[in-house]
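Okay, structure first, notes after.
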Ligand code: GAR
């Protein structure tokens, strides 16, 4: 018998994954309950879904916060516990080829928005945070304040591609335009990179010659609505264990990464 977990969700748009998760909680497919829904988009359809199910919700005005921090990046306008050096060192969203000033600007403004997210989440203790079409990169500032222990991550994301292929903003589009014959979706824990964290589950589907990008996305979303609840239920059953594995001879450099073992 698994415990009932408290789930928080962040969304940016339609919220069909959110709906699948809420429905799975209500039908008992997930031993859990949705305790809040947060968004960066006041027009997100998912807010209406939350309201219908009497789930508390909040909006964080990312564009406003980003503009005001970019205009006034002084420490007084940043979270008190924010250390730019620390976040710069930890993050792997950007590579060393990116302009350091652009990276700093990004990290400062996003951390300010994330502090607002955290403030809004405080009244709602949760076990797991699910990103359900939340279209913002989260920085180590936010991640470290949710994950007290990196070996027990508790932020999940669903990505519209078979990672590690096609990370980024348009997974299905990138898969389709590449001419792939198989598409898919991936649920993974968040780490400090972009769509690079340990993989929990994946579902694949064929891309047929008569598929369009739209028909392919439809197949993809249907796969997502099954996959995400399944992965959340594994978390609720405490069956997801992160382990660091290294394969000394596998690459020129020793290859070492955190992977999820399902027990
Ligand atoms: C889903 O396809 C999800 O995989 C994708 O956004 C869509 C949200 O749909 N997420 C990302 O691209 C994250 N990088 P929904 O709002 O209907 O759940």
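No lab work stands behind these numbers, since they all come straight from the coordinates. What you see is a predicted model; the values in this text were computed from it and never measured. Using ideal geometry, Cβ is built from the backbone for each residue, glycine included, and neighbour counts are taken over all protein chains shown.
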Label-point separation in nm, residue 45 to residue 222, each point 7 Å along Cα→Cβ: 1.7
Rounded Å value of the spacing that divides the Cα centres of region 1-57 and region 72-130: 25
For the chain, calculated [θ]222 nm from helices alone, where every DSSP H run of n ≥ 4 adds -39500 (n - 2.57): -11500 deg cm²/dmol
Extension gain, residue 247 back to residue 118 (0.36 nm per residue minus Cα-Cα distance, nm): 42.7 nm
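Beta carbons within 10 angstrom, averaged per residue: use that to sort the peptides 111-120, 68-77, 154-163, 235-244, highest first. Provide the component values of the computation, followed by the final result.
Working: 111-120: 20.0, 68-77: 11.9, 154-163: 22.3, 235-244: 15.8.
Highest mean packing first, the order is 154-163, 111-120, 235-244, 68-77.
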Highest to lowest packing among 32-40, 94-102, scored as the average C-beta count within 10 Å: 32-40, 94-102
Simple label model, 7 Å out from Cα along Cβ direction - residue 215 to residue 263, nm: 4.5
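Work out the FRET efficiency for residue 237 and residue 148 from their Cβ-Cβ distance, taking R0 = 25 Å, and round it to the nearest 0.05.
Working: r = 21 Å, r/R0 = 0.83.
E between residue 237 and residue 148, to the nearest 0.05, is 0.75.
Under 8 Å for C-alpha pairs, at least 6 residues apart: give me the relative contact order for region 85-224, rounded to a whole percent. Kindly include the intermediate steps, with their values, before the conclusion.
Details: 188 pairs, mean separation 29.5, N = 140.
It comes to 21 percent, rounded to a whole number.
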Cα gyration tensor shape of region 151-263, rounded if a/c is under 1.5, else prolate or oblate by comparing a/b with b/c: oblate
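Sorted by average packing, counted as other Cβ atoms within 10 angstrom per residue and highest first, what order do 6-12, 173-179 take? Provide the component values of the computation, followed by the final result.
Numbers: 6-12: 23.3, 173-179: 15.1.
My ranking of the peptides, most packed first, is 6-12, 173-179.
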